[in-house]
């Protein structure tokens, strides 16, 4: 499976300037290529390459391979859709491959092509990142963020085959409780919700103030909320995968793609709904499960919070409140999120666990029935 090793570059002042100029020139070239692609309605990399290659090299002074990577960047951007013209930020990331980048992990030195020629830079990386770099394969992205340069290198991680499992651990994801599993453990969202609310309130106050010091404060706060949410999701996913591994179970999760388009939220709820990072949590669970050799099943979320696991009654009235479930037929009751997690577990048991290819099919809206 593909993993990303992130390393921090340590250029001197001259090298940093050279890297910055290279990034700016490359993105200017990408905008030039995008203009031509849009005007001529030519979006395939092969066709676009024949049209713009020599113009890009002469106009922007880029090397042959950097030109190839810029054309590929534009073609990839138009693969999502061809209805909108693509533009690139002056300091957006640019891709490097083995022809214009080389690593020396023992000495922790990386060599990069720039407009001023090759530069050799030292880099900082943790033990895990250095281990990943031994399996590097494919391109690396040069990223400029907050005045510093980073390289994101694609690596091949070992993916052990999935072994025999004894049932599934159902996981219900939500806003009030980030996750609840069918074993009864609740991963509360109280802390992250409070952090998001505090940051939204503070941002609104500082933006309204509009002073130089308030802008400095906003710049300092940028990304802090996102990093905390990411750290929280990493910890929750780690605990879920570890529990499944210790109990010899697979993991069953909901297919929540497109949920924001399917539901209507009141105005006070919209900020909370749209900051809900369920997709990130699912991604973390999936890749950690692959590394642990644990199968993951995505099931249809319809009626998981309304279905009684005892008598099978499905009714909106079963969900008395956000937190409680009470079946109107048999009287079975319990925490609503736990009931949902149990229903997700049962739905996974009634079907064989799926491969990666089948999971992709599910994500395209063809989730298997219960």
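Residues are listed down the side, and each one gets a yes or a no for (1) more than 17 Å from the chain's Cα centre (by Cα); (2) closer than 20 Å to residue 189 by Cα; (3) at pLDDT 90 or above; (4) not assigned by TED's automatic domain parsing to the domain that holds residue 197:
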residue	(1), (2), (3), (4)
230	no, yes, yes, no
258	no, no, no, no
262	yes, no, no, no
272	yes, yes, no, no
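Looking at region 182-215, which of its residues are over 30 Å from residue 252 (Cα atoms), surrounded by 15 or more Cβ atoms within 10 Å (Cβ to Cβ) and in contact (Cβ under 8 Å) with a residue 24 or more places away in the chain?
Matches in region 182-215: 199 only.
Is it true that some residue in region 70-85 is under 20 Å from residue 21 (Cβ atoms), in contact with a strand residue (DSSP E or B) (Cβ under 8 Å, 6 or more places away or on another chain), modelled with pLDDT of 95 or more and surrounded by 15 or more Cβ atoms within 10 Å (Cβ to Cβ)?
yes
Suppose we filter 177, 235 for residues that are assigned by TED's automatic domain parsing to the domain that holds residue 285 and surrounded by fewer than 16 Cβ atoms within 10 Å (Cβ to Cβ); which single one remains?
Exactly one of 177, 235 is assigned by TED's automatic domain parsing to the domain that holds residue 285 and surrounded by fewer than 16 Cβ atoms within 10 Å (Cβ to Cβ), namely 235.
Let me confirm something: among 126, 116, 163, which residue is exposed (fewer than 15 other Cβ atoms within 10 Å of the Cβ), in contact with a helix residue (DSSP H, G or I) (Cβ under 6 Å, 6 or more places away or on another chain) and either within 29 Å of residue 21 (Cβ to Cβ) or modelled with pLDDT under 95 (or both)?
Only one candidate passes the filter, namely 116.
Tell me, please, whether a residue that is surrounded by 14 or more Cβ atoms within 10 Å (Cβ to Cβ), part of a strand (DSSP E or B) and in contact with a strand residue (DSSP E or B) (Cβ under 7 Å, 6 or more places away or on another chain) can be found in region 50-64.
no
Determine whether residue 42 is in contact with a helix residue (DSSP H, G or I) (Cβ under 9 Å, 6 or more places away or on another chain), without any contact (Cβ under 8 Å) to a residue 12 or more places away in the chain and on the phi < 0 side of the Ramachandran plot.
Values: in contact with a helix residue (DSSP H, G or I) (Cβ under 9 Å, 6 or more places away or on another chain): yes; without any contact (Cβ under 8 Å) to a residue 12 or more places away in the chain: yes; on the phi < 0 side of the Ramachandran plot: yes.
Criteria met by residue 42.
For region 19-37, which positions are buried (at least 17 other Cβ atoms within 10 Å of the Cβ) and more than 12 Å from residue 60 (Cβ to Cβ)?
Hits for region 19-37 are 19, 20, 23, 34, 37.
Kindly list the number of the only condition in (1) within 22 Å of the chain's Cα centre (by Cα); (2) loosely packed, with under 13 Cβ neighbours inside 10 Å; (3) within 24 Å of residue 279 (Cα to Cα) that fails for residue 155.
(2)
The values are calculated or read from the model by the stated rules, or taken from the named source; none is laboratory data. These figures come from a predicted structure and were not determined experimentally. A quick note on method: Cβ atoms are made from the backbone with ideal geometry, for glycine too, and the neighbour counts reach across all protein chains shown.
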